[in-house]
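For reference, the structure is listed below as structure tokens.
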Amino acid sequence: MTDVIDTKAVDDEIYSCLDLDKPKSFFLFAGAGSGKTRSLVEVLKRFRENNIHRLRTNAQQVAIITYTNAACDEIKRRLEFDPAFSVSTIHSFAWELIKPYTYNIKALLRERLKKDINELEIAQSKGRAGSKAYEDRPRQIASKHKRLESLSTIRKFTYNPNGENSGRDSLNHTEVIALTAELLSNQSLLQTILIRKFPILLVDESQDTKKELIEALFTVQRVHRSQFSLGLFGDIMQRIYMDGKEDLGLAPLPDDWLTPKKIYNYRCPRRVVKLINKIRENVDQNLQKSVKENEGVVRLFIADTSKSIDKAAFEDTVCQKMVEFTNDKLWTDPKENKCLILEHHMAAQRGGFSNFFNALYNIDKLKTGLLDGTLSSITFFSEKILPLINSLEVNNQFSMSRILNKHSPLMFKEQFENSENPRAELKKVKEAVDALYALWENDSNPTLKSILKEIHRSRLFKVPDNLVTIADRQEKDFEMVEYDVDPIIDAWDKALTSSFSEFKEYVYYISDKSRFGTHQGIKGLEFQRVIVVLDDEDAGGNFFSYEKLFGVKTPTRSDIGNQAKGKETSIDRTRRLFYVTCSRAEESLAIIVYTNDPNKVKNNVLSQEWFTEEEILTL
């Protein structure tokens, strides 16, 4: 292995791996603000100059997998939209790879559905009559049987990486990734097709790519190392999703892999770089150097929560103080400073959508889809109902028609072709829309459940399978049986009691339209003035703990056990979160800690040399 630190030398080493005759694989450490995208583009342009004719002759491409559609667009633009480079998100790439293999997809789905049905039937045999789960399971079993039976009639599957996947022949986001990982791991033919089409595959934000898919790509590289170059770009300290490969970049890589490092930080001033180096120094030795000449300003403000405190007023005071320290009046303009409350419970509490968010966030299988808004039951509300209601509120007939034509089964062509009275079909659509909109009459704020049940009744839109169970259910008093609960259905039961206005606030949050930055919303972004708010009281739960990170609370037995086993702890997750937030600052950074023991916080951060005495203010 080799460590390369000089910027040009890093680019040279990456380029040396992209040898079509003697390919090598690599993991590039690319810390915050390291100019990773610039290196990627420059290396690929250089590769194009020397290899473009060979690629075209062999009908090959270089595959680049990026994190978001926006990142895809930016890289395509910088590469001048050259078709030699296939730039896509992970879901788009996975689907393009497996979509011709209908037979194999059917076989895997059939196997999974049979397993699911068997597990449900066993649970039902042990269930308690009168519980919600006992009443729901027969519908779930029937739904899975129906899908199982329909597999034989499907000629090809459909999938939209950026939208709805609710048809009988469609796959969802989770299925596409899982199927791709399984097929790549076990089908030598698919491996061969991959490396022949894409002799070079580069994965950006690899620390957040699904663990099973990364492991499948490792398998492909191991079997075909003489024909295939796999390049992973990432930084374990910037991992934000829990289903990524948690030790990527920490655990030893194969001996023939290169490990170049980009250690220069082009974003943050010297003082911020010093801080983020201190935050990560106990995790790895991938420390950075600031390219900027300005020192920058960092301040830690400690608020004593053992006394009554107005947090909004306190945060306004912090902004006023930052004006004094920086001589920058824009600190008092909310539009000019970015408030990063990246622990999602805190953002949900402050943003007014905690009832909806917290109900789903506690379920591991729902967590990632909740954070990026891709769960089919979420897009049902966010991509159909929300736009329709927004259009109705401003009487935008064109927008309403577009939404209904695209999404409503009542408007599908066959509905009119099979009808003796097409005008009656249009009347049915109008009645369904009117009945739905009536839920908002007299400034009402309907619950998501009431909206769901009305749409299920009118068939205005197709209801996702896991919500059909709830929509079908007759409302009555159920027995509360702790051992007979379906955690996913139970979570949606709670979430659907939320109001529609609360759901709208959640959509603003995941779309990065609120003042509170999301994990995914700030990936790769930077802001001149950053406020980081650390508040365990608002955060709730045990997933993160700033008070443990700052030494106020001792690690739990679970933390100690996980640490002994080499597993991730709540302190590890919080440290990464703190690193990501602080590393967004281009000029000045204010950190607010809410705690009932200010002295302990102060003494611990001083002992860790995160801040100096002059930088800490207890207000």
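The values are calculated or read from the model by the stated rules, or taken from the named source; none is laboratory data. None of the values given here were measured: they were computed from a predicted structure. Counting neighbours? That spans all protein chains shown, and the Cβs are built from the backbone with ideal geometry, glycine included. The area values use the complete protein model at the heavy-atom level, side chains included, leaving out ligands, DNA and RNA. Shrake-Rupley method; radii C 1.70, N 1.55, O 1.52, S 1.80 Å.
Placing unit charges on each Cβ (+1 for Lys and Arg, -1 for Asp and Glu) gives the chain a dipole about its Cα centre, and among A585, H456, T192 the Cα reaching farthest toward its positive end belongs to T192. With 31 Å as the cut-off, how large is the P(r) tail for the chain, expressed as percent of Cα-Cα pairs? Of the Cα pairs, 58 percent sit more than 31 Å apart. Structure note, pairs K338/K406; K45/K292; K126/K365; K278/K553; K146/K210: Cα-Cα distances above 31 angstrom occur for K338/K406.
Placing pseudo-labels 7 Å out from each Cα toward the beta carbon at A107 and R402 gives an inter-label distance of 4.4 nm.
Within the accessible area of the chain, the carbon and sulfur atoms contribute 48%, probe 1.4 Å, all protein chains present. The sum of -39500 (n - 2.57) across all DSSP H runs of n ≥ 4, divided by the residue count of the chain, sets its helix-only mean residue ellipticity at 222 nm to -15000 deg cm²/dmol.
S16 to E215: FRET efficiency via 1/(1 + (r/R0)^6), r the Cβ-Cβ distance, R0 22 Å, to the nearest 0.05? The formula returns an efficiency of 0.30 here.
What full-extension length gain, to one decimal in nm, is calculated for E96 and T554 as 0.36 nm per residue of separation minus the Cα-Cα distance? Intermediate results must be reported in sequence, preceding the final value.
Working: separation 458, 0.36 × 458 = 164.88 nm, distance 4.84 nm.
This chain segment gains 160.0 nm when fully extended.
Given a cut-off of 30 Å, name the pairs among K335/K494; K428/K449; K36/K197; K367/K548 whose C-alpha atoms lie farther apart than that in the structure shown. From the list (K335/K494; K428/K449; K36/K197; K367/K548), the Cα-Cα distance tops 30 Å for K335/K494.
Placing +1 on the Cβ of every Lys and Arg and -1 on the Cβ of every Asp and Glu, with nothing else charged, gives the chain a dipole about its Cα centre of roughly 1600 debye. When Rg and Dmax are taken over the Cα atoms of segment 253-323, they come to 18.3, 59 Å. Label-to-label distance for D316 and Q563 is 4.1 nm, based on points extended 7 Å past Cα in the beta-carbon direction. Segment 32-47 and segment 234-305 have Cα centres lying 19 Å from one another.
When the P(r) is computed for segment 363-507, the part past 27 Å accounts for 27% of the Cα-Cα pairs.
Normalising the Debye intensity of segment 143-298 to I(0), with uniform scatterers on Cα atoms only, and taking log10 at q = 0.08, 0.09, 0.10, 0.19 Å⁻¹ returns -0.37, -0.46, -0.55, -1.21. Relative to a virtual label point 7 Å from the Cα of D490 in the Cα→beta-carbon direction, which members of segment 125-149 show backbone nitrogen distances below 17 Å? So the set is 125-138.
For an R0 of 22 angstrom, estimate the FRET efficiency from the Cβ-Cβ distance between S150 and S188 and round to the nearest 0.05. E(calc), rounded to 0.05, equals 0.15.
Can you give the Kirkwood hydrodynamic radius of segment 7-102 from its Cα pairs, in Å with one decimal? Each step should come with its number before you reach the end.
Numbers: mean 1/r = 0.0688 Å⁻¹.
The Cα-based Kirkwood calculation yields 14.5 Å.
Net length available on complete extension from Q474 to K45 is 148.3 nm, with 0.36 nm assigned per residue and the Cα-Cα distance removed.
Computed extension length for K427-S511: 26.8 nm, one decimal, from 0.36 nm per residue of separation with the Cα-Cα distance subtracted.
Among beta bridges from DSSP that stay inside the chain, the antiparallel ones total about 5%. Projected label points at T259 and F416, each 7 Å from Cα along the beta carbon direction, are separated by 6.3 nanometres.
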